[in-house]
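Accompanying notes for the structure given below.
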Amino acid sequence: MKEREHSTELQFFICCNDKPKGECCSPKGALDLRSQLKDWAKQNNLHPKIRITASKCLGFCSEGIAAVMHPQNKTYVNIEGKHLDEIKKLLLEESRKLEKEDD
């Protein structure tokens, strides 16, 4: 195993799990949400500083789309497409906080 440096400051993991039985995030629009956020990050030159990543189950299947932000260790549930602008704002705010900590 080898440790590697990278330029990602903030990673937003969106559950995109799709299982054959029971509730999961993918059918609730998680893939579309991830795609829109990833495109936004790239178009605004925020990638790879802010990385939008698909994940498997985060354990909150009955609470809508779930996401986890690292290194903040914050979990968000009940995410819907209508929250897209709110998430963008949140990601920018959290990224700026990290930049200030580095100063």
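The values are calculated or read from the model by the stated rules, or taken from the named source; none is laboratory data. Bear in mind the structure is a predicted one, so any value in this text is a computation, not a measurement. Virtual Cβ from ideal backbone geometry, glycine too; neighbours counted across all protein chains shown.
Restricting the search to region 73-91, which residues are exposed (fewer than 15 other Cβ atoms within 10 Å of the Cβ) and closer than 16 Å to E9 by Cβ?
N73, K74
Mind checking whether some residue in region 23-44 is assigned to a loop (DSSP other than H, G, I, E, B) and among the basic types (K, R)? Steps first, answer last, please.
Filtering region 23-44 down to residues assigned to a loop (DSSP other than H, G, I, E, B) leaves 23-25, 29, 44.
Adding the requirement that they be among the basic types (K, R) leaves none.
Within region 23-44, none of the residues are assigned to a loop (DSSP other than H, G, I, E, B) and among the basic types (K, R).
Do we have C16 as within 12 Å of the chain's Cα centre (by Cα) and surrounded by 13 or more Cβ atoms within 10 Å (Cβ to Cβ) here? Steps first, answer last, please.
Values: within 12 Å of the chain's Cα centre (by Cα): yes; surrounded by 13 or more Cβ atoms within 10 Å (Cβ to Cβ): yes.
Against the criterion (within 12 Å of the chain's Cα centre (by Cα) and surrounded by 13 or more Cβ atoms within 10 Å (Cβ to Cβ)), C16 qualifies.
Considering only residues that are outside any helix (DSSP H, G or I) and either in contact with a Phe, Trp or Tyr (Cβ under 6 Å, 6 or more places away or on another chain) or farther than 23 Å from S35 by Cβ (or both), which ones fall in region 60-103?
Pass one, region 60-103, residues outside any helix (DSSP H, G or I): 60, 64-80, 103.
A66, A67, V68, M69, P71, N73, V77, D103 - these are the residues of region 60-103 that are outside any helix (DSSP H, G or I) and either in contact with a Phe, Trp or Tyr (Cβ under 6 Å, 6 or more places away or on another chain) or farther than 23 Å from S35 by Cβ (or both).
Results for (1) surrounded by 13 or more Cβ atoms within 10 Å (Cβ to Cβ); (2) under 18 Å from P71 (Cα atoms), shown as yes or no for each residue.
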position: E3; (1), (2): no, yes
position: H6; (1), (2): no, yes
position: F12; (1), (2): yes, yes
position: G22; (1), (2): no, no
position: P27; (1), (2): no, no
position: R34; (1), (2): yes, no
position: A41; (1), (2): yes, yes
position: R51; (1), (2): yes, yes
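For region 1-51, enumerate the residues that are modelled with pLDDT of 90 or more and among the basic types (K, R).
K2, K28, R34, K38, K42, K49, R51
Does V77 count as of a type in the set (V, I, T) and in contact with a Gly (Cβ under 8 Å, 6 or more places away or on another chain)? So that I can check it myself, show each step before the final result.
Numbers: of a type in the set (V, I, T): yes; in contact with a Gly (Cβ under 8 Å, 6 or more places away or on another chain): yes.
So V77 fits the description; yes.
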